[in-house]
Each structure stands twice: as structure tokens, then as C-alpha cells.
1. Taking a label point 7 Å from Cα toward Cβ, how far is B:LYS5 from its twins in the other copies, in nm, shortest first?
2. Among the DSSP beta bridges whose two residues both lie in the range A:95-143, what percent are antiparallel, rounded to the nearest 5?
3. Taking amide H positions as placed in the peptide plane 1.01 Å from N, state which residues far from A:LEU39 in sequence (5 or more) or on other chains have amide H under 5 Å from it.
4. Do the sum for the protein assembly as shown: with -39,500 (n - 2.57) for every DSSP H run of n ≥ 4, divided by all residues, what is the mean residue ellipticity at 222 nm, to the nearest 500 deg cm²/dmol?
5. Report the net charge of residues surrounding A:PHE21, where surrounding means a beta-carbon distance below 13 angstrom and charges are Lys +1, Arg +1, Asp -1, Glu -1.
6. Once you keep just the Cα pairs under 8 angstrom separated by 6 or more residues, what percentage relative contact order results for chain B?
7. Once you compute Rg and the Kirkwood Rh from C-alpha atoms, what is the Rg to Rh ratio for the range A:13-57?
8. Using a label position 7 Å from Cα in the Cα→Cβ direction, what is the ascending list of nm distances from B:LYS46 to the same site in the other copies?
Protein chains: 2
Amino acid sequence: MLTEKEKRAFQDYLTQEGLKFSLQRMKIFETVLAGLKHLTANEIYKNVQKKYPGIGYATIYRTLRLLCDAGFCTELKCEDGACRYEQAFVNAHHDHLICTKCGRFVEVVDPQIERLQIRLFKINGFLPQRHRMELYGVCKQCRK
Amino acid sequence: MLTEKEKRAFQDYLTQEGLKFSLQRMKIFETVLAGLKHLTANEIYKNVQKKYPGIGYATIYRTLRLLCDAGFCTELKCEDGACRYEQAFVNAHHDHLICTKCGRFVEVVDPQIERLQIRLFKINGFLPQRHRMELYGVCKQCRK
DNA sequence: CTAAATATTGATAATGAGTATCAATATTAT
DNA sequence: ATAATATTGATACTCATTATCAATATTTAG
Ligand SMILES: [Mn+2]
Ligand SMILES: [Mn+2]
Ligand SMILES: [Zn+2]
Ligand SMILES: [Zn+2]
């Protein structure tokens, strides 16, 4: 699931930025990119620990910040108060449908909505930067 | 800015729910409904203190929760990690354009977007409950 | 290949928002 | 008025995240 090309891109980024390579950084990068999506920092911590016990909490947070800054990963501030992370290497921008019963995330993009959002920015004299749209409801499985 | 009718609605709500009237509750209600919008709990705390020194932090949080449950007020989980509150007595649902330079909030509703959101729920087998849409950009003033 | 320069790490203390606890006090019903 | 009950403020606590710092690892220069 994680290609050599992606690993190299990460190493190149570190070099470009004058940062040093470390095994913990690579393990976190691998976990975030190859693993499940929409994980909290704590879930990522537990995942990385399986492969690399002894890793510190602080390193998880530091590296997640690094990955977000580098654009390999995006942060999603959730309603439960925690942040969830998902790889942004392959996946481009998308929004989320979230089940309020089971927490399921469904990724969606509606080009019409995206266009109307730009129009809203324009109408109100804003220079568009980014947006966040979350649709909360009950998924099919949870209604049975 | 705060009418007798609104005050009475609050008192009626308390009675209906078997809750008791208190001066601190009324002061907080007045501040949230009459004051600025999109304030954090701490900002509301400081505002209420001007009129009612000695009020406790816990009472602010408790009453904000009460006001949200009652539908007088809505909570907006912001990117800076804090919640912001705004009265919902007059104002119905709306979304926000937020300036990333100055923090200005502009309230918007786009009926077309709202319709497309419902369609997205349907397409994905979700029972719609609510949504949140925030558009981040740079406002006209901040681009000068 | 060393050794110096520099960045990273993990442990842990600190922060900040929000919640839980509890005895003192206020409101309401009788 | 009195008893029953809810609310309050102080404060301890939780939870996610950030800051600090000495020990360690990586990189660079010689
Ligand atoms: Mn996603
Ligand atoms: Mn608003
Ligand atoms: Zn579900
Ligand atoms: Zn602005």
C-alpha cells in the first residue's frame, strides 16, 4: 500500500527542509499513509507502537504536525474534541458524511457544491483558501 | 436588543423543564442573546462578570449547555479548539465564512447548497440530521 | 573515518478547555 | 414558614495537546 516513490518523497522533503531522517518518523509516515483513515493521534500512537514499541507520544504529535505541514497528511478537527488524521498523498480534497450512531466516515465531493462555495466566497469579497463541510446523519446500517 | 418576549420564553422553558430561576442564568441568557455573536465561553464569562461579578466558570458552562439544549443558542466547534456560541432565538440555521487573518465571521445560507447537501445524504443512504460548513479565506479589508 | 555541530527523541511537566464533585445557598412547593 | 429540591462557586479532575530538557542519533566538515 505504501510505494517506494512515497517513501522517497518523504525523505526528499526532510532533506529539502534540512530535517534529519529517523526511523520513528518513517514508521509514523508509513502508518499514516498505509493504514486506516480518520484516526486520532492516540490511535496512531497505538498502531505505531506495535511496530515500534518505545516511541513517545510527543514524537507522534510532532511528526503528525510535520506531515501536515508537508502536505502528506491532513488534520480534521472532530466534534468529539480530538483531531483525526488522514493521508493526503493520493487523496485530494473531499468532505465527509459522518454517522452520528457508529462514527462511520464516508468521503464525498460534490462538484456543484464546490462551485457554489467559490461563488459564496466571491459574493462576500473573500479570497478563497479552503473549506470544511461535514454532514451528520444516520447511516443505512444504523437505521436497521 | 433583548425583548420581554424572549425573557418570558426563557422563564417558561425553565418552568416547563422543572428547572429553577436564577439571576445568574438570566444574566447569561441576556449576554448570549443580546451581545456579540461567536463568543467563546471565556469571553462570555468576562462579559457576564461585568454585570454580575462573582459568577463562577462552571455556571457559565452549565448554562450555555442549558441554552443549547433549549435551542436558544448554538455551539460552534472552532478550529482554534474552543467552542463559540451564538444566539439561535431569532437566527435560524446558517453557515460561516471566516477570515483567516482577522477572524471576522460572515453568516451565509445558500439554498442551492442546502439542497445539494440533502441530495448527498440521500445518495449515500444517510438520514440527514445536521451539517456544518465553514469557508475559510481572506476578507476584503484584510487584502487591502 | 572521526569529531563537532546540530536535530531528534522520550519522559514528563505544563497548558487550556471543559466536566465532575460537593458543601453551602437559593428557589419552589406545601 | 418549612421541607424538598435544584443551583451555585470553588476546586479537583480529565483529556488532548504543547513545551521543556537532558540524553541520543544523524549529518556535516575535516
Ligand atoms: Mn477523509
Ligand atoms: Mn453565526
Ligand atoms: Zn452508522
Ligand atoms: Zn479579515
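1. Ordered by increasing distance: 6.3 nm.
2. Bridges in the range A:95-143 that DSSP calls antiparallel: roughly 50 percent.
3. Correct list: A:TYR85.
4. -14000 deg cm²/dmol
5. With Lys, Arg at +1 and Asp, Glu at -1, the neighbours total +3.
6. That works out to 18 percent.
7. Details: Rg = 11.2 Å, Rh = 11.2 Å.
That ratio equals 1.00.
8. Label-point separations across copies, in nm and ascending: 3.9.
The values are calculated or read from the model by the stated rules, or taken from the named source; none is laboratory data. Quantities reported herein were computed from a predicted structural model and do not represent experimental measurements. Every residue, glycine among them, receives a Cβ derived from its backbone with ideal geometry; neighbour counts consider all protein chains shown. Ligands, DNA and RNA are stripped out before the accessible areas are found, and what is left, the full protein with its side chains, is counted by its heavy atoms. Shrake-Rupley method; radii C 1.70, N 1.55, O 1.52, S 1.80 Å.
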